[in-house]
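The values are calculated or read from the model by the stated rules, or taken from the named source; none is laboratory data. Remember, it's a predicted structure, so these values are computed and weren't measured experimentally. Here the Cβ positions follow ideal geometry from the backbone for every residue, glycine too, while neighbour counts run over all protein chains shown.
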Amino acid sequence: MVIEKQNNSTGNGERIRILHAFSTGVLGGTNLAIFELVRRLNPERFACETSFLDGLGPICEHWAQAGFPVHDLRGRFGLLSAGSFFWRLLSSRRYHIIHLYGFRMSLLGRIAAHCCSPRPGIIHGIRGLHVTQGEEVGKLKTRLAIILERWASPLIDHYIANSRGAADFLQSRGLSSKKFTVIPSGVDVDPLSNSNQKTDDIPKIICVSNFHPVKRHVDLIMAVSLLRDAGFQVRCLLVGDGTYKSNIKKMVQDRGLTDMVEFRGSLQPFQVQEALGRADIFVLPSLWEGLPRSIMEAMAAGLPVVATDVSGSNELVVDGETGFLVPVKDFRQLALHLEQLIKNPALRVQMGQTGRLRIHEQFSWQSCVAGHEKVYSDIYRSEFDIQATA
């Protein structure tokens, strides 16, 4: 591979070659956020590629269409094949930095990288509350994963967390604070402005989240059931896919809510924007979060947000100002706040406008990109002993 030479701040004229390596290629918040980040990096300073442990999923089309090389690590023998493919990829492409996402990819990637000479700088991207990105904190699998991460942490040069809560959580469990940088994700505000494309007067509640137990769709369905029993007419739109979707569909059918709850499946980003523009209230009742992009996009679209009071969500939602925070698994409190917003359209507008301003002022792509470019440049200079130019 021939690397284009440019005059830039790395000090020797070549672009910093970075591989963004993911566990899966799902069309979800993490993958979309990283795609949006990478395509905003200065192309004169950074040359980026991507790889996927579980094969090429829906997000890969976005990368390919944007002109980024995409590598499939999947093989006949699972992680053994993937590890071999990844080592050969690192050896042939000679990246300066690998940025790893997901627990499996981070473990496999750091081991393979330490078998290369010269070794690339290694960054672990923390996009959830903890390294497993899908398990409850108290579960045995999570505890074992955190122990393993602590043991293998010396193989990582740096961690980039997208929320302060995630960084604090891992540091409290033994990971070095010196290795952490917190860089909140960015989001566009103008394209996501609420289009007010209302088709009727029935309030619309929307939840954008893949179906996993940790997302607690069950609490939203219970809240909608309570609203129905109290005589409120609402529509609930569920955007996303996942293994738990069939369970939620059965729950909706069993409670007689099929005329109130609509399953839209996985949507393209522009379709999500359109759905947000037609909605009135956004809900995310998760057990835990990192820094949920879905909430950021909802606030950018001018929607009030009702979310659980968990790390990440409570870094975005200001209780009583941009929406409401409710205790985990408290569907009754969730229903009460939804009722409050349903009955008060003016409050919905006020909270939505306040939230949109908050996203615009505090969670811009400009600061997100600048933060990542600084970390990449610092690690490049550190690993390859290149001094910054005056």
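Key figures
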item: Residue within the stretch 264-274 that is in the same structural domain as Arg228 (by TED's automatic domain parsing), touching a residue at least 24 places away in the same chain (Cβ under 8 Å), basic (Lys, Arg) and not in a helix (DSSP H, G or I) present; result: yes
item: Output for the stretch 56-74, where each listed residue is within 15 Å of Leu108 (Cα to Cα) and not charged (D, E, K, R); result: Leu73
item: Which listed residue is buried (at least 21 other Cβ atoms within 10 Å of the Cβ) and assigned by TED's automatic domain parsing to the domain that holds Phe52, from Gly83, Gly121; result: Gly121
item: Pairs with Cβ under 9 Å, 6+ apart, first in the stretch 67-79 and outside the structural domain of Gly57 (by TED's automatic domain parsing), second surrounded by 14 or more Cβ atoms within 10 Å (Cβ to Cβ); result: none
item: Failed condition for Ile281, given (1) crowded, with 16+ Cβ neighbours inside 10 Å; (2) aliphatic (A, V, I, L, M); (3) more than 23 Å from Val187 (Cα to Cα); result: (3)
item: Of residues in the stretch 260-286 being modelled with pLDDT of 95 or more and acidic (Asp, Glu), the one nearest to Asp309 (Cα to Cα); result: Asp280
item: Subset of the stretch 25-34 (residues that are within 17 Å of Ile98 (Cβ to Cβ) and either of a type in the set (A, V, I, L, M, F, W, C) or surrounded by fewer than 22 Cβ atoms within 10 Å (Cβ to Cβ) (or both)); result: Ile34
item: Filter pass, Leu220 being out of contact with any Pro (no Cβ under 8 Å at 6 or more places or on another chain) and either crowded, with 19+ Cβ neighbours inside 10 Å or in contact (Cβ under 8 Å) with a residue 12 or more places away in the chain (or both); result: no
item: Flag if Asp319 is farther than 20 Å from Leu237 by Cα, free of Cβ contacts under 8 Å to residues at least 40 places away in the same chain and not assigned by TED's automatic domain parsing to the domain that holds His158; result: yes
item: Filter pass, Asp241 being assigned by TED's automatic domain parsing to the domain that holds Glu297, more than 30 Å from Val349 (Cβ to Cβ) and in contact with a Ser or Thr (Cβ under 7 Å, 6 or more places away or on another chain); result: yes
item: Whichever residue in the stretch 71-80 is out of contact with any Ser or Thr (no Cβ under 9 Å at 6 or more places or on another chain) and part of a loop (DSSP other than H, G, I, E, B) and, among such residues, is surrounded by the most Cβ atoms within 10 Å (Cβ to Cβ); result: Gly78
item: Count - residues of the stretch 242-258 that are over 29 Å from the mean Cα position of the chain (by Cα) and closer than 13 Å to Phe211 by Cα; result: 0
item: Hits in the stretch 86-103 (condition: in contact (Cβ under 8 Å) with a residue 12 or more places away in the chain, farther than 14 Å from Thr50 by Cα and either surrounded by fewer than 16 Cβ atoms within 10 Å (Cβ to Cβ) or touching a Gly at 6+ places or on another chain (Cβ under 6 Å) (or both)); result: Ser91, Ser92
item: Those residues of the stretch 325-346 which are aliphatic (A, V, I, L, M) and either surrounded by fewer than 14 Cβ atoms within 10 Å (Cβ to Cβ) or outside the structural domain of Asn314 (by TED's automatic domain parsing) (or both), in sequence order; result: Val328, Ala346
item: Failed item in (1) in a helix (DSSP H, G or I); (2) in the same structural domain as Met299 (by TED's automatic domain parsing); (3) in contact (Cβ under 8 Å) with a residue 24 or more places away in the chain, with Leu357 passing the rest; result: (3)
item: Identity of the residue in the stretch 131-147, part of a helix (DSSP H, G or I) and closer than 20 Å to Tyr159 by Cα, that ends up modelled with the lowest pLDDT; result: Thr142
item: Filter pass, Ile248 being in contact with a strand residue (DSSP E or B) (Cβ under 8 Å, 6 or more places away or on another chain), outside any strand (DSSP E or B) and within 25 Å of Gln273 (Cβ to Cβ); result: yes
item: Subset of the stretch 298-324 (residues that are small (Gly, Ala, Ser), surrounded by fewer than 24 Cβ atoms within 10 Å (Cβ to Cβ) and within 20 Å of Thr354 (Cβ to Cβ)); result: Gly320
item: Residue within the stretch 232-240 that is assigned to a helix (DSSP H, G or I) and not polar (S, T, N, Q) present; result: no
item: The stretch 150-181, residues that are hydrophobic (A, V, I, L, M, F, W, C) and in a helix (DSSP H, G or I); result: Trp151, Ala152, Leu155, Ala166, Ala167, Phe169, Leu170
